[in-house]
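So the structure is just underneath, and the comments pick up after that.
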Amino acid sequence: MKKALLGIGLLGSVGALVALQATRRGGGYYSSNNSTRVVVLGAGFGGLAAARTLARNRDGLDLDVLLVDRANFHLFTPILYQVATGGVEPDNVTHPVRYATQADGFRFQESNVQKISVEDKCVYTDDGPIYYDYLVVALGATNNFFGLASAEENSFTLKTISDGIELRNHIIDAFERAEVEQDPEVRRRLLTFVIVGAGPTGVELAASLRDLASHVLLKEYPGIDPGEVRVVLVEALDRILLALDDQLRQNAMKTLQSKGVEVLLNTPVADVEKGGVRIKDGSFIPSETVVWTAGVKANPLVADLPGEKGRDGRVRVNDFMQLPDHPEIYVIGDCAMYFMPGEQRPLPPNAPVAIAGGKTAAINIIHTLKNEPLEPLKYKYQGELVSLGKNNAVANIMGIKFSGFIGWLVWRAVYLYKLEGFKNKASVLVDWLFGVFDRRETSKLPVTPSKVPSESVAE
Ligand SMILES: Cc1cc2nc3c(=O)[nH]c(=O)nc-3n(C[C@H](O)[C@H](O)[C@H](O)COP(=O)(O)OP(=O)(O)OC[C@H]3O[C@@H](n4cnc5c(N)ncnc54)[C@H](O)[C@@H]3O)c2cc1C
């Protein structure tokens with residue numbers, strides 16, 4: 001109880017701080033026929049940072065900044081797993097891009113990008129061509145199934161807001177169906193949840209799903225025996241959370257096991273079949289719910305861009321985030337492969353790297369137009385944060401390590417601060433306060449497609 005009160009107090013203080021931070025400066029966009037046209041593709045972490053930096057620093061320049069995305073919102077991915085496990089409402093992690101256009105002064109167009117033509121200096125979309133003078137490509141990543149077609153066909157994924165809602169509905173549905181099911185084999189399949197890939201997303205999802213089952217659903221579904229519910233985290237390598245140091249990794253492992261998550265290491269998946277997962281050694285885990293969190297690769301749209309690509313499809317960029325042979329094109333975030341000077345491995349695909357890339361690209365476009373020297377990427381490693389469910393997380397912030405309850409407070413404070421929009425911050429804070437008392441959203445939301453006739457359906 002003490003912990004709960006301390007948690008509420010601290011989260012409340014963070015809430016007050018973020019309210020102060022919500023005061024934004026005004027803007028208003030302008031453009032003329034002679035404007036230099038900068039087109040930014042993707043309103044994720046990198047694209048939004050680029051569009052804002054361009055709009056806020058264009059004094060003295062006739063610059064038209066157009067941000068294009070197939071969805072009209074920015075998605076805050078770090079807490080998407082909580083949408084899937086009922087801890088946070090879906091629209092509390094999405095932020096309308098048009099709020100940002102008003103506050104910061106750039107234009108937005110909701111369109112699905114089909115192709116980038118370097119020769120024509122044009123982006124082809126479902127709604128027609130968009131010509132550019134400068135282009136910032138920030139189209140993010142897609143799931144990497146490493147060529148395993150059965151995994152692509154039969155797994156759930158966690159990348160878009162639709163994925164989060166779909167997974168939540170499916171988990172609740174599995175409990176509904178299991179409670180009325182008589183066949184023990186079918187019940188077992190329904191109540192076994194397999195997560196493939198023990199990186200941060202897989203670990204956070206497994207811990208939160210285990211908490212959802214233990215603290216919420218088993219109370220709501222009295223016909224289900226606790227021993228029937230399994231959450232299995234399957235990892236091909238010999239350890240979880242590769243990016244963490246040994247001490248934090250061990251803490252994370254102990255926490256997962258104490259919650260009852262079954263962690264299977266050295267367990268490469270051979271196939272995801274309808275009704276379960278086939279492991280390379282031939283064994284089979286029966287399950288109606290397999291979630292694939294084993295990796296990402298660059299958006300396939302960047303495959304046509306000229307230049308060197310990594311195995312994960314990322315495009316190599318120079319110190320200024322430009323394509324080496326096309327300085328008018330900047331590639332950032334999960335689409336970009338960038339090696340810091342002296343490093344053998346490229347920067348990882350994560351939000352801070354995308355934001356730093358977006359700012360660098362924007363500032364360098366401004367420098368180019370003002371005939372000033374360009375600036376190399378400024379990126380400083382900030383650390384790792386991994387939530388381990390209720391009252392628990394591991395964090396390494398600038399070399400200072402936190403685990404357990406303090407880690408959990410640090411995790412929550414950091415992400416509340418980083419979340420877009422004051423309304424979202426306040427709403428997520430409320431969701432989290434209810435979470436302290438094991439209140440989660442367990443309704444199955446009916447989701448129907450948009451009635452607007454369009455070929456482009458925002459994911
Ligand atoms: C579940 C999950 C949890 C994560 N947790 C963390 C975390 O805790 N910390 C962290 O640092 N990173 C985390 N990441 C990684 C982080 O989200 C990415 O590294 C980051 O979003 C990359 O930013 P970006 O701008 O390159 O791409 P994104 O933020 O993915 O944005 C890409 C944008 O492009 C748009 N787009 C894509 N295709 C098209 C198209 N054809 N036409 C028009 N628009 C298109 C998308 O709608 C999207 O808005 C997480 C990712 C996921 C999926």
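Of all DSSP beta bridges in region 97-197, what percent run antiparallel (nearest 5)?
Numbers: 8 of 8 bridges.
Bridges in region 97-197 that DSSP calls antiparallel: roughly 100 percent.
Suppose the chain between MET340 and ASP126 were pulled fully straight at 0.36 nm per residue; how much longer would it get relative to their current alpha carbon spacing?
Working: separation 214, 0.36 × 214 = 77.04 nm, distance 3.63 nm.
Full-extension gain reported as 73.4 nm.
Would you mind pulling out the separation of the Cα centroids of region 375-435 and region 238-259, in Å?
A separation of 18 Å, based on Cα centres.
What share of the DSSP beta bridges in the chain is antiparallel, in percent to the nearest 5?
Numbers: 34 of 67 bridges.
Looking only at bridges with both residues in the chain, the antiparallel portion is about 50 percent.
What nm value, rounded to one decimal, do you get for the distance between LYS418 and VAL118 when each label is placed 7 Å out toward the C-beta?
It is 3.2 nm.
Once both labels are modelled 7 Å past Cα along the beta-carbon direction, what's the ARG177-ARG98 spacing in nm?
About 3.8 nm, to one decimal.
Ignoring any ligand, DNA or RNA, what whole percent of the accessible area of region 100-145 comes from carbon and sulfur when the probe is 1.4 angstrom?
Numbers: 730 of 1760 Å².
Percent of accessible area from carbon and sulfur atoms in region 100-145: 41.
For the charge dipole of the chain, defined by +1 on Lys and Arg C-beta atoms and -1 on Asp and Glu C-beta atoms about the Cα centroid, which residue among ASN318, MET398, LEU190 has the Cα displaced farthest towards the positive pole?
It is MET398.
Hey, could you pull the Cα Rg and Dmax for the chain, both in Å?
Cα only, the chain: 22.7, 74 Å (Rg, Dmax).
Gap in Å between the Cα centre of region 335-351 and the Cα centre of region 83-120?
Taking the Cα centre of each part, region 83-120 and region 335-351 sit 25 Å apart.
To the nearest 20 debye, what is the magnitude of the charge dipole of the chain about its Cα centre, counting +1 on the Cβ of each Lys and Arg and -1 on the Cβ of each Asp and Glu? Walk me through the numbers on the way to the answer.
Values: 49 positive and 54 negative charges, 299 e Å.
The dipole of the chain has a size of about 1440 debye.
Quick one: pull the percent of accessible area on region 312-356 belonging to carbon and sulfur, 1.4 Å probe, ligands and nucleic acids left out.
Ligands and nucleic acids excluded, carbon and sulfur give 53 percent.
At 7 Å along Cα-to-Cβ for each site, give me the label-to-label distance between HIS215 and ASP325 in nm.
Each label point is offset 7 Å from its Cα along the Cβ direction, giving 5.5 nm.
Could you tell me the accessible area of LYS425 in Å² (1.4 Å probe, neighbours in place), rounded to the nearest ten?
For LYS425, solvent-accessible area is about 10 Å².
About the Cα centre of region 27-112, how large is the charge dipole given +1 on each Lys and Arg Cβ and -1 on each Asp and Glu Cβ? Please answer in debye to the nearest 20.
Working: 7 positive and 8 negative charges, 31 e Å.
Value, rounded to 20: 140 debye.
Where Lys and Arg each count +1 and Asp and Glu each count -1, what net charge lies around LYS274 among other residues with Cβ under 15 Å from its Cβ?
On the way: positive: ARG189, ARG278; negative: GLU152, GLU153, GLU185, ASP271, GLU273, GLU288.
Neighbour charge sum, excluding LYS274 itself: -4.
Given the DSSP H assignment, sum -39500 (n - 2.57) over each helix run of at least 4 residues in the chain and divide by its residue total; what's the result at 222 nm in deg cm²/dmol, nearest 500? It would help to have the intermediate numbers written out before the result.
Values: 12 runs with 153 residues, N = 459.
Value at 222 nm, helices only, nearest 500: -10500 deg cm²/dmol.
Where only protein heavy atoms count, and the probe is 1.4 Å, what is the accessible area per residue for region 228-287 in Å²? Could the numbers behind the result be given before it?
Details: 2870 Å² over 60 residues.
Ligands and nucleic acids excluded, the figure is 48 Å² per residue.
If I require 24 Å or longer along the helix axis, counting alpha carbons, and a Kyte-Doolittle average no lower than -0.5, what helices from the chain are left? Use full DSSP H segments.
Working: long enough: 2-21 (29 Å, 1.37); 161-180 (29 Å, -0.10); 351-369 (27 Å, 1.08).
Span-like helices here: 2-21, 161-180, 351-369.
How big is the accessible area of TYR99 in square angstrom, nearest 10, if you roll a 1.4 angstrom probe over the protein chains?
130 Å²
Return the percentage of antiparallel bridges among DSSP beta bridges fully within region 201-349, rounded to the nearest 5 %.
60 percent
At a Förster radius of 60 Å, what calculated FRET efficiency corresponds to the Cβ-Cβ distance of VAL186 and LYS378, to the nearest 0.05? Present the calculation step by step, with values, prior to reporting the outcome.
Details: r = 55 Å, r/R0 = 0.92.
The formula returns an efficiency of 0.60 here.
Across region 142-155, in residue order, what do the Karplus-derived ³J(HN,Hα) couplings come to in whole Hz, using 6.51 cos²θ - 1.76 cosθ + 1.60 with θ = phi - 60° and x for Gly and Pro?
10, 5, 10, 9, 6, x, 8, 4, 5, 5, 4, 6, 10, 9
The values are calculated or read from the model by the stated rules, or taken from the named source; none is laboratory data. Since the structure is predicted, the reported quantities are computational estimates derived from the model, not experimental observations. Ideal geometry is used to build each Cβ from the backbone, glycine not excepted, and the neighbour counts take in all protein chains shown. Keep in mind that these areas ignore ligands, DNA and RNA; they rest on the heavy atoms of the full protein, side chains included. Shrake-Rupley method; radii C 1.70, N 1.55, O 1.52, S 1.80 Å.
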